[in-house]
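We did not get these values from a lab; they are worked out from the coordinates using the rules stated. These numbers were taken from a predicted model, which means no experiment stands behind them. All Cβ positions, even for glycine, are placed from backbone atoms using ideal geometry, and neighbour counts span all protein chains on display.
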Amino acid sequence: MYEFEFETPATVADAVAALQGDEAQALGGGQTLLPTMKQRLASPSRLVSLSGIAEMSGVSADAGTVSIGGATTHGAVAAGAGAYPALADLAGHIGDPAVRNRGTIGGSLANNDPSADYPAAALASGATIVTNAREIAADDFFDGMFGTALNEGEIITRVNFPVPEAANYQKFLQPASRFALVGVFVARTSDGVRVAVTGASETGVHRWSEAEAALSANFSASALEGLAVDADGMISDLHGSGAYRAHLVAVLTKRAVMAAG
Amino acid sequence: MTEVSMTVNGVSVGGSVEGRTLLSSFLREQLGLTGTHVGCDTSQCGACVVHVNGDAVKSCTILAVEANGAEVATIEGQAAEDGTLSVVQQAFQDHHGLQCGFCTPGMVMSTLALLKDNPKPSEAEVRKYLEGNICRCTGYHNIVRAIMAASGQDVAIAAE
């Protein structure tokens, strides 16, 4: 890893100021960024740690919304987001316990790894990503593999999840990386059903609109009979072919619907 | 260079580190606490697990400067001063929970974190909690036995 300056701001405003200028990078829990820097795939000249910013940490719930500070660890979400059980369950299955004690929701969403879990939850839930500058709907936030609507130096301070009537996340674990080989998050609200898929597409997390239409009409696994996902554009690697991933999307969606009840 | 200070196993320590100095490097190379092992250095294997402010973390994937001011616990702090092993360490010895021993410091520190939150874990809970700790010798059965014993439970386990 190349050397860098290290800053520990105590407020969002100080963090934003410290991120001005080239080559500055926000540091959440570092569970992706530090390994990336070790491999010299990233070499920021300044790291701005967000873990000391009290206003960015913690989980609160009221009026049908679970609100999570951007610097909240996966472990804290797993323990504290009981008002949204599917989300707490997802957080409790990211990585392993030691990783969950460091990794943060803001870091995960800002990185938008195509196999990460949180992007599926945010997209299926219709979450709002709050930054130091604005609020971004999840539908407008994710922009292809590792791409987001965030500008340089923009920080995710909070993520607001409307709690659905029913929801479930099914993760087909890639056991070495502990990421999702494929993951499907299904959320049913009074406005209909949203289905978000991670780990599968070369364009990153995305919604499966055919399944959403079928499930909005009839929220049961049988409504998905005959629906298939096109293998074109699916990730294909040594862990699974595109056709295998496409198959898993349909299987996991059915399982999620059955588990959501 | 940045001056850091922290409490390691109850002792106040300090040192001068680069921003990029990992906590594992600080513990091993500057403090000489080589019980914390670095296996993969990619946060996969868990040999480097220590506690920072009571939470198990992979010390190869946290910067020393991030632990500035923290309470850190490592394997060196677990036995009594006269060398008497802790309950968990003794259970690992009694139940042959180690062969080469390389993963053992991380296994013990993860076990302590598990038992703090869940004093009587089921076998399945033990196995799930240890997902981030890799052992290439034992096949895990004796590690699970040791943890069941350390938590005062029957060591007979279903999977053989």
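What is the gain in length, in nm to one decimal, between A:Ala133 and A:Glu23 on full extension, counting 0.36 nm per residue of separation less the C-alpha to C-alpha distance? Don't skip to the end; give the middle numbers.
Values: separation 110, 0.36 × 110 = 39.60 nm, distance 2.00 nm.
Working it through step by step, the gained length comes to 37.6 nm.
For a Förster distance of 35 Å, can you work out the FRET efficiency between the beta-carbons of A:Tyr2 and B:Cys100, rounded to the nearest 0.05?
E(calc), rounded to 0.05, equals 0.55.
Would you kindly compute the Cα radius of gyration of the stretch A:106-155 and its largest Cα-Cα separation (Dmax), both in Å?
When restricted to the Cα atoms of the stretch A:106-155, Rg and Dmax are 9.8, 27 Å.
Which residue, A:Arg194, A:Arg40, A:Arg134, has the most motion in a Gaussian network model of chain A that connects Cα atoms within less than 10 Å?
Comparing A:Arg194, A:Arg40, A:Arg134 in a Gaussian network model of chain A, the most mobile one is A:Arg40.
Averaged over every viewing direction, what's the projected area of the C-alpha convex hull for the stretch A:5-49? Give it in nm², one decimal, please.
3.0
Over the alpha-carbon set of the stretch A:141-261, work out the extent along each principal axis and list the three values in angstrom, largest first.
Projected onto the principal axes, the Cα atoms of the stretch A:141-261 cover 45, 36, 24 Å.
Taking the simple approach of a point 7 Å from Cα along Cα-to-Cβ for both A:Asp143 and A:Leu227, what is their distance in nm?
The modelled label-to-label distance comes out at 2.9 nm.
Could you list the square roots of 5 times each eigenvalue of the Cα gyration tensor of the stretch A:1-122, that is, the equivalent ellipsoid semi-axes, sorted largest first and rounded to whole Å?
26, 17, 11
Cα atoms only, the stretch A:54-162: Rg and Dmax in Å?
12.4, 33
Hey, how much of the P(r) for the stretch B:2-77 falls beyond 17 Å, as a percent of Cα pairs?
In whole percent, the long-distance tail amounts to 32.
What's the whole-number percent of alpha carbon pairs in the stretch B:7-160 lying beyond 22 angstrom? Don't skip to the end; give the middle numbers.
Working: 4421 of 11781 pairs.
Beyond 22 Å sits 38 percent of the P(r) for the stretch B:7-160.
Okay, helix-only estimate at 222 nm for the protein assembly as shown: each DSSP H run of n ≥ 4 adds -39500 (n - 2.57), divide by all residues, round to 500 deg cm²/dmol; what do you get?
-7500 deg cm²/dmol
Give me A:Arg102, A:Arg178 ranked fewest to most by other Cβ atoms within 10 Å of their Cβ, as a rough exposure proxy.
Least to most surrounded, the residues fall as A:Arg178, A:Arg102.
Between helix A:242-260 and chain A, what is the angle of the helix's C-alpha long axis to the longest principal axis, kept within 0 to 90° and rounded to the nearest 10?
Approximately 80 degrees, to the nearest 10.
If you project the alpha carbons of the protein assembly as shown onto the principal axes, what extent comes out on each, in Å, largest first?
Computed over the protein assembly as shown, the largest-to-smallest principal extents equal 70, 57, 42 Å.
List the equivalent ellipsoid semi-axes of the stretch A:132-194 in whole Å, largest first, each obtained as the square root of 5λ for an eigenvalue λ of the Cα gyration tensor. If you can, show how the numbers build up before the last one.
On the way: eigenvalues 113, 83, 21 Å².
Listed largest to smallest, the semi-axes of the stretch A:132-194 are 24, 20, 10 Å.
Computed FRET efficiency, Cβ-Cβ of B:Gln90 and A:Val251, R0 35 Å: what is it to the nearest 0.05?
Values: r = 46 Å, r/R0 = 1.32.
In this case the efficiency is close to 0.15.
What does the average come to when, for each residue of peptide A:87-98, you count the partner chain Cβ atoms lying within 10 Å of its Cβ?
Per residue, the number of nearby Cβ atoms from other chains is 5 on average.
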